[in-house]
């Protein structure tokens, strides 16, 4: 055992074999659930076997997740708001819920608008432990590998610009790819091989989102890449190389702006430049504003809440919609301003603590992740049952932990590099 590791508070790294096993099964179940859900966007296979696998994954992460809910929230401020948020989420779930087979099944298997996004904050009660974050990074990379595999499977849809295939990149990036951005933000703790994998996934997510003209998604991906770049810039010793690359990027950007109309003719940028000034949100939002009453604005319409929105799309089958692409309005639709207010009261202080009152890259990356996702509340819906969303709550736990914020980067790096056998509880040692 490395003596320098033993000098770190034991609760920050030591973990029991039982908890390691529970974490492994939890992430296996979660990955299985998400990987099967994403396949629903692919029309050339039978979904029945994957629905069964998704249900198995659900059982695994629910049972093992419940067994990991032990950690107390030490911050009085966060603990109070967390309890209020969970209680309010319970009212959102039970207001408007329909107890029939189809409705209950949809709530369980729909990662976008089902019941599990409301349980996501419970991950704050998982061990606030560097070994847990080490396992988290492995789960992120496994999903990244699934992203690459599915990119091959969905290659025809990804290269098509038809309206029917535009949602494919949203599924792939939101549920499998974007979380790799957290590996880039915490680059110091990972091997070059892992960084290359994460960078490949994020690079493809960005390129495909631009190619498919997904403006909200592309802005989030670019935001993560830029933040990762500046974190590396401020921490690397190879400043001459970074300054040179920055100059190249600036020149390339200037060249792009100067030749905007020529770039419009190229395959990659055509769609997103054509949609650059297109306003597809205002008509939907106007219907949303017209439908919601004062009570709806305050407490929302519940988990199955809808709003009247006719004649927006040519192939629209129903006049009522249960979702809106603007993230903060989606939160208001279901849980009202109350839910949005409680969410912001937890996340905004976490951003400040993580970025400005921490000594290590992990906490700063956590604060930056929350900040980027808060920005994403306007162009996209972020509160889905995805690792991207779970990372927000994990990041909140990191930012509110004084012990984690006070660690040095060297200490965290040592934990990430230490084999699991050395991090397990050793009763004889005690």
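Look through 403, 421 and report the one residue that is under 20 Å from residue 355 (Cα atoms) and either surrounded by fewer than 19 Cβ atoms within 10 Å (Cβ to Cβ) or within 11 Å of the chain's Cα centre (by Cα) (or both). Break it down into steps so the answer makes sense when it comes.
Values: 421 fails: under 20 Å from residue 355 (Cα atoms).
Among 403, 421, only 403 is under 20 Å from residue 355 (Cα atoms) and either surrounded by fewer than 19 Cβ atoms within 10 Å (Cβ to Cβ) or within 11 Å of the chain's Cα centre (by Cα) (or both).
Based on this model, can you work out whether residue 246 counts as touching a helix residue (DSSP H, G or I) at 6+ places or on another chain (Cβ under 9 Å), in a helix (DSSP H, G or I) and either modelled with pLDDT of 55 or more or not assigned by TED's automatic domain parsing to the domain that holds residue 152 (or both)? Give the steps one after another, and end with the answer.
On the way: touching a helix residue (DSSP H, G or I) at 6+ places or on another chain (Cβ under 9 Å): yes; in a helix (DSSP H, G or I): yes; either modelled with pLDDT of 55 or more or not assigned by TED's automatic domain parsing to the domain that holds residue 152 (or both): yes.
Yes; evaluated as a whole, the condition is true for this residue.
Just to check your reading of the model, which residue among 145, 140 is surrounded by fewer than 19 Cβ atoms within 10 Å (Cβ to Cβ), at pLDDT 95 or above and part of a helix (DSSP H, G or I)?
Values: 140 fails: surrounded by fewer than 19 Cβ atoms within 10 Å (Cβ to Cβ).
That would be 145, the only listed residue that is surrounded by fewer than 19 Cβ atoms within 10 Å (Cβ to Cβ), at pLDDT 95 or above and part of a helix (DSSP H, G or I).
Can you find, within the stretch 98-119, the residue that is nearest to residue 36 (Cα to Cα) among those that are in a loop (DSSP other than H, G, I, E, B) and either out of contact with any helix residue (DSSP H, G or I) (no Cβ under 7 Å at 6 or more places or on another chain) or outside the structural domain of residue 383 (by TED's automatic domain parsing) (or both)?
Filtering the stretch 98-119 for residues in a loop (DSSP other than H, G, I, E, B) gives 98-100, 110-115, 119.
Next, from what is left, pick out any that are either out of contact with any helix residue (DSSP H, G or I) (no Cβ under 7 Å at 6 or more places or on another chain) or outside the structural domain of residue 383 (by TED's automatic domain parsing) (or both): 98-100, 110, 112-113, 119.
Numbers: 98: 25, 99: 24, 100: 23, 110: 11, 112: 13, 113: 16, 119: 20 Å.
Looking at the filtered set, the residue picked out is 110.
Which of the following residues is more than 17 Å from residue 372 (Cα to Cα), surrounded by 22 or more Cβ atoms within 10 Å (Cβ to Cβ) and touching a helix residue (DSSP H, G or I) at 6+ places or on another chain (Cβ under 9 Å): 158, 197, 153, 172? Give the derivation first.
Numbers: 158 fails: surrounded by 22 or more Cβ atoms within 10 Å (Cβ to Cβ); 197 fails: surrounded by 22 or more Cβ atoms within 10 Å (Cβ to Cβ); 153 fails: surrounded by 22 or more Cβ atoms within 10 Å (Cβ to Cβ).
None of the other options fit; the residue is 172.
For residue 301, which of the numbered conditions (1) at pLDDT 90 or above; (2) not in a loop (DSSP other than H, G, I, E, B) fails to hold?
(2)
Yes or no: residue 378 in contact with a strand residue (DSSP E or B) (Cβ under 9 Å, 6 or more places away or on another chain) and surrounded by fewer than 16 Cβ atoms within 10 Å (Cβ to Cβ)? Give the steps one after another, and end with the answer.
Numbers: in contact with a strand residue (DSSP E or B) (Cβ under 9 Å, 6 or more places away or on another chain): no; surrounded by fewer than 16 Cβ atoms within 10 Å (Cβ to Cβ): yes.
The answer is no for residue 378.
What residue, of 128, 134, is outside any helix (DSSP H, G or I) and either touching a strand residue (DSSP E or B) at 6+ places or on another chain (Cβ under 7 Å) or modelled with pLDDT under 95 (or both)?
Numbers: 134 fails: outside any helix (DSSP H, G or I).
The conditions single out 128.
Among the residues of the stretch 74-102, how many are surrounded by fewer than 14 Cβ atoms within 10 Å (Cβ to Cβ) and more than 18 Å from residue 400 (Cα to Cα)? Working first, answer last.
Residues of the stretch 74-102 surrounded by fewer than 14 Cβ atoms within 10 Å (Cβ to Cβ): 74, 76-77, 80, 83, 87, 90, 94, 98-102.
Within this subset, residues satisfying the condition of being more than 18 Å from residue 400 (Cα to Cα) are 87, 90, 94, 98-102.
Result for the stretch 74-102: 8.
The values are calculated or read from the model by the stated rules, or taken from the named source; none is laboratory data. The model shown is predicted, which means the values in this text are computed figures rather than measured ones. We place every Cβ from the backbone using ideal geometry, glycine too, and count neighbours over all the protein chains shown.
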